[in-house]
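Since every read-out is calculated from the coordinates, none of them should be taken as a lab result. Since the model is a prediction, treat every value here as computed from it, not as a measurement. FYI the Cβ positions are ideal-geometry reconstructions off the backbone, even for glycines, and counts take in every protein chain you see.
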Amino acid sequence: MPLIEHGDNEGFLTEPPGGRIEADPPEDAIRREVEEETGRRVLSLKHVFTVYLAPTIIADVTHLYVGEYDGASGDGGGVANEGEDIEVLELSLVEALEMVDRGIIVDGRAILLLQHIQLHRNDPITGSELCQI
């Protein structure tokens, strides 16, 4: 809804998988959300940082991770009864950064993670040529 309110008539956003932590530790929550939203099973995780994206507006804290996943795990697409309509994109780092430059990827979390990946390309977990967003 916020996208439509700001003039994006389609209302779709290119963003990394994520959701509420609920009672789970953040690592368990991101594993669950990645599987629900993308159908991929997380093989390894690395905590990148914890941020407050808009502390003067909302008190939510966001835990950002990168990791490796099993590309042949499942279908994904989200949880239907939660109203999720998710198309899984797999992009090269170059393609994703070009989408940021063209204003196609505008989600702050995605931009932070892509910049982190670009800065740490030699790290075996963070520096993968492919990033899932």
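Between the residues 59, 81, 106, the greatest Cα displacement towards the positive end of the dipole of region 2-132, with unit charges on the Cβ of Lys, Arg, Asp and Glu, is found for 59. Residues whose amide H falls under 5 Å from that of residue 43, counting only those 5 or more places apart or on a different chain, are 68, 69, 70, with hydrogens built in the peptide plane.
Per-residue 3J(HN,Hα) values for region 18-27, derived from phi via the Karplus relation 6.51 cos²θ - 1.76 cosθ + 1.60 with θ = phi - 60°, read x, x, 6, 6, 6, 9, 7, x, x, 4 Hz in sequence order (x marks Gly and Pro). Normalising the average separation of contacting C-alpha pairs (under 8 angstrom, six or more residues apart) by the number of residues puts the relative contact order of region 2-132 at 23 percent.
For region 39-44, the Karplus equation 6.51 cos²θ - 1.76 cosθ + 1.60, evaluated at θ = phi - 60°, returns couplings of x, 8, 8, 6, 9, 8 Hz by residue, with Gly and Pro reported as x.
Around residue 22, what is the net charge, scoring Lys/Arg as +1 and Asp/Glu as -1 over all other residues with Cβ under 14 Å from its Cβ? Kindly include the intermediate steps, with their values, before the conclusion.
Numbers: positive: 20, 31, 32; negative: 24, 27, 28, 33, 36, 60, 82.
That sum, taken over residues with Cβ under 14 Å, equals -4.
Residues 41, 31, 121 in ascending order of nearby Cβ atoms (within 10 Å, fewest first): 121, 41, 31. Rounded to whole numbers, the Karplus 3J(HN,Hα) couplings from phi for region 89-102 are 10, 10, 10, 6, 4, 4, 4, 5, 5, 5, 5, 5, 4, 7 Hz, using 6.51 cos²θ - 1.76 cosθ + 1.60 with θ = phi - 60°, and x at Gly and Pro. Here is the list for region 84-115: GluC sites (Glu not before Pro) lying in DSSP coil, each with at most 12 other C-beta atoms within 10 angstrom of its C-beta, are 87. Here's how it looks for residue 76: its modeled amide H is under 5 Å from those of 39, which are all 5 or more places away or on a different chain.
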